[in-house]
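Novice: Please see the structure below; I have some questions.
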Amino acid sequence: MKIQNSRFCKCLQVIAVAACLACAGLLAVSANPADVLAQDTDKITMEFIGFGANPDFYAIVQGSKLSGKSLVIYKVGGQGPTLVYPLRGVTLAQALSSKEVAPYGIQSDNYAAGMKAPAGYQLGGMVIGENLQLTLSAGEQQMTLGYAAIFSDPTRKKTAQVRIKSAYWTADSKRVVIILNQKLDGDWPVDTDMVAAFTLG
């Protein structure tokens with residue numbers, strides 16, 4: 001199917017090449033599902049705050065019943081957090097203006113939220129085996145951004161319910177941060193948010 005908007009089509013072509021390199025940018029709060037299972041009933045939540053002056057960096061407020069809340073700075077394509085700033089006795093505004101966080105220039109109004117990018121393409125997800133496939137589509141054209149592993153209990157007979165909570169785009173649609181949630185009931189409960197981030201060209 002041909003897309004009438006040539007600029008949009010060109011953008012998708014750039015994305016298709018860049019996304020192959022960006023798949024390595026998929027980040028999870030805990031890279032090993034066993035780490036999450038070991039926390040038993042701990043609930044991990046993530047709230048997107050904004051992109052930095054350099055949009056390769058972005059900020060998340062991560063909450064945990066066991067460890068409280070922290071402001072976490074990630075880099076798209078990085079391996080794990082760049083900075084963790086505990087929010088104990090300080091407000092988010094104070095944390096953002098601290099000497100540790102301020103150099104990143106995090107802003108809370110420099111993104112578009114939702115499953116649809118400002119450029120027009122649609123984010124989607126499909127469970128394939130033990131993974132969630134993250135995709136971008138425009139009409140009948142579709143490409144894969146990457147995959148997120150789905151948690152399971154130790155017997156591997158029961159897998160978590162996974163969903164995309166929301167997505168956050170830079171104004172030029174060249175970067176996207178996706179917050180996922182996985183929930184598993186039973187003897188090995190899991191209720192955790194995860195973050196995946198991609199550069200799209």
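Novice: So which residues in the range 110-127 are over 20 Å from F51 (Cβ atoms) and without any contact (Cβ under 8 Å) to a residue 12 or more places away in the chain?
Specialist: Residue satisfying the conditions is M126 alone.
Rundown of residues vs (1) surrounded by fewer than 17 Cβ atoms within 10 Å (Cβ to Cβ); (2) assigned to a loop (DSSP other than H, G, I, E, B); (3) under 11 Å from the mean Cα position of the chain (by Cα), yes/no style:
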position	(1), (2), (3)
Q142	yes, no, no
T155	yes, yes, no
R163	yes, no, no
K183	yes, no, no
D193	no, no, yes
A196	no, no, yes
G201	no, yes, no
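Novice: Give the residues of the range 53-70 that are assigned to a strand (DSSP E or B) and not basic (K, R), sorted by residue number.
Specialist: Taking the range 53-70 as the starting set, the residues that turn out to be assigned to a strand (DSSP E or B) are 57-64, 68-70.
Of everything in the range 53-70, those that are assigned to a strand (DSSP E or B) and not basic (K, R) turn out to be F57, Y58, A59, I60, V61, Q62, G63, S64, G68, S70.
Novice: Considering only the range 40-88, how many residues are in contact with a Phe, Trp or Tyr (Cβ under 9 Å, 6 or more places away or on another chain), more than 25 Å from L200 (Cα to Cα) and surrounded by fewer than 17 Cβ atoms within 10 Å (Cβ to Cβ)?
Specialist: Matching residues across the range 40-88 total 1.
Novice: Would you tally the residues in the range 127-165 being at pLDDT 90 or above, among the hydrophobic types (A, V, I, L, M, F, W, C) and over 22 Å from T45 (Cα atoms)?
Specialist: Selection size over the range 127-165: 4.
Novice: Something else: Do we find that S98 is surrounded by fewer than 16 Cβ atoms within 10 Å (Cβ to Cβ), at pLDDT below 95 and either among the aromatic types (F, W, Y) or under 16 Å from V72 (Cα atoms) (or both) in this structure?
Specialist: On the way: surrounded by fewer than 16 Cβ atoms within 10 Å (Cβ to Cβ): yes; at pLDDT below 95: no; either among the aromatic types (F, W, Y) or under 16 Å from V72 (Cα atoms) (or both): yes.
Here the answer is no, as S98 does not meet what is asked.
Novice: Are any residues in the range 66-122 over 18 Å from I179 (Cα atoms) and basic (K, R), and if so, which ones?
Specialist: Hits for the range 66-122 are R88, K99.
The values are calculated or read from the model by the stated rules, or taken from the named source; none is laboratory data. Computed from a predicted structure; not experimentally measured. Virtual Cβ from ideal backbone geometry, glycine too; neighbours counted across all protein chains shown.
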